[in-house]
Amino acid sequence: MDDSEWMAGQFEANRSRLEGMAYRMLGSRVEAEDAVQETWLKVMRADRDAIENLSGWLTTVTGRVCLDHLRTRRSRREDVAGIEAVPGVEDSAADNDPAEAAVLAESVGAALLVVLDSLPPDERVAFVLHDVFAVPFDAIGEVVGRSPQAARQLASRGRRRVQGTPAFGNVHLVQHRALVEAFLRAAREGDFEALVRLLHPDVVLEPDQAALRMGSRPRTRGAEEVASALSGGARGARLVLADGLAALAWAPGGHIRSVIQFTVVDDRIAAITVTADTDRIAQLDVMTLNREVYGDESDPGPSKDL
Amino acid sequence: MKTMTCKQLGGPCDLPLQGNTADEIIKLQDKHLKDVVAGSDEAHKTALKAMKGRWRNPIAGMGWYRKTKREFAALPDE
């Protein structure tokens, strides 16, 4: 296998991740495809010997291409001056009601793209790469052409703007992902105490009918009850993004059989919904969160075959 | 600067595309295909589908890419 064949293979292994990333940075499937295609052309003329971490390099290149697209798009717009009103994002759900927060979480994926469209290009890229895809700030700095500290500030500003939007006042993507990761770890290890600490006292485990037919636990309420039901489970689950938020998916053989989504209230998991209905799964925007890209050994990350 | 036609790049027409590198020409051809297909041109649809297939299946698409680079390299400078 020569260098370009190896690079093509690596690109293929990363392609769906890059498309998902580009889609969230650009908010358009067509533009995301164009961005990844442009990355592909850069791959074909790259010098393999000069690249230490190809997955990270691909992320950087795709991020830069997306940033260029966003800057070009912004320069075409004559009506952009500061932050615009965000259409379709109005009242937030009640602050601490898990049921209303669950309804809110369902709309987060689509609404997030609308809110992201209001961010300046650098902030959008820094925020998406860090808060959604856990890309470290030194890598983001390379993408936006600034220091890691400046990249951190950009992401932080983007986060504040997103959270300043009523619909996202209660949604903190980094914290949400950290909770889901901690939940996955505790469930796999059967750490009952850790699970209880992560769960809201009134947490609800809510499987759909298809999940029940597949053997899921029935509807369960309360931190200790839900922890008992889930402790030692989730061994086959993988960390994914579902409609823009960290979630878990069970995908034996690369085929998604169920998706577990989480609602966070007061820094704890307040609702866990298990979706196994194939029509509903098909409507979800699910993609892998590939944490090994930057050498995170603590979580081997999901299969690329999802 | 060199010139290749849409037909030389797998398309159906003789539109000339100019560039300093094969990559530039490929990007121009990609844009040309998208533009004409967006204008409801049926003849270019197959070529656009093939172009998309190359980066979606990069290993299989490498043959076309290499062939295009070879053909571009063999052309005289203008």
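Where a number appears in this text, it was derived from the coordinates with a stated rule and is not lab data. Computed from a predicted structure; not experimentally measured. Reconstructed Cβ throughout: ideal geometry from the backbone, glycine too, with neighbour counts over all protein chains shown.
Below are the figures for this structure:
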quantity: Efficiency of FRET from Cβ geometry, A:Arg71 and A:Val174, R₀ 41 Å, rounded to 0.05; calculated: 0.95
quantity: Three-way shape call for region A:113-159 based on the alpha-carbon gyration tensor, with the a/c threshold at 1.5; calculated: prolate
quantity: Relative contact order [Cα under 8 Å, 6+ residues apart], region A:118-230, whole percent; calculated: 17
quantity: Span from the region A:1-37 Cα centroid across to the region B:29-64 one, whole angstrom; calculated: 16
quantity: Calculated FRET value between A:Arg219 and A:Asp2, using beta carbons and R₀ = 56 Å, to 0.05; calculated: 0.50
quantity: Shape of region B:2-74, Cα gyration tensor, a/c cut at 1.5; calculated: oblate
quantity: Dipole of chain B [Lys/Arg +1, Asp/Glu -1 at C-beta], most positive-end residue of B:Ala43, B:Asn57, B:Phe72; calculated: B:Asn57
quantity: Per-residue HN-Hα couplings for region A:190-199 [Karplus 6.51, -1.76, 1.60; θ = phi - 60°; Hz; x = Gly/Pro]; calculated: x, 8, 4, 4, 5, 4, 4, 5, 7, 9
quantity: Gained length - B:Ala60 relative to B:Asp77, 0.36 nm times residue gap less alpha-carbon distance; calculated: 3.1 nm
quantity: Placed amide H near A:Val265: partners under 5 Å, 5+ positions off or other chain; calculated: A:Ala270
quantity: 10 Å Cβ neighbours from other chains, averaged over peptide B:51-60; calculated: 5
quantity: Cut-off under 5 Å, modelled amide H: who pairs with B:Cys6 long-range; calculated: B:Leu15, B:Leu17
quantity: Radius of gyration and maximum dimension Dmax of region A:205-264, Cα, Å; calculated: 11.7, 33
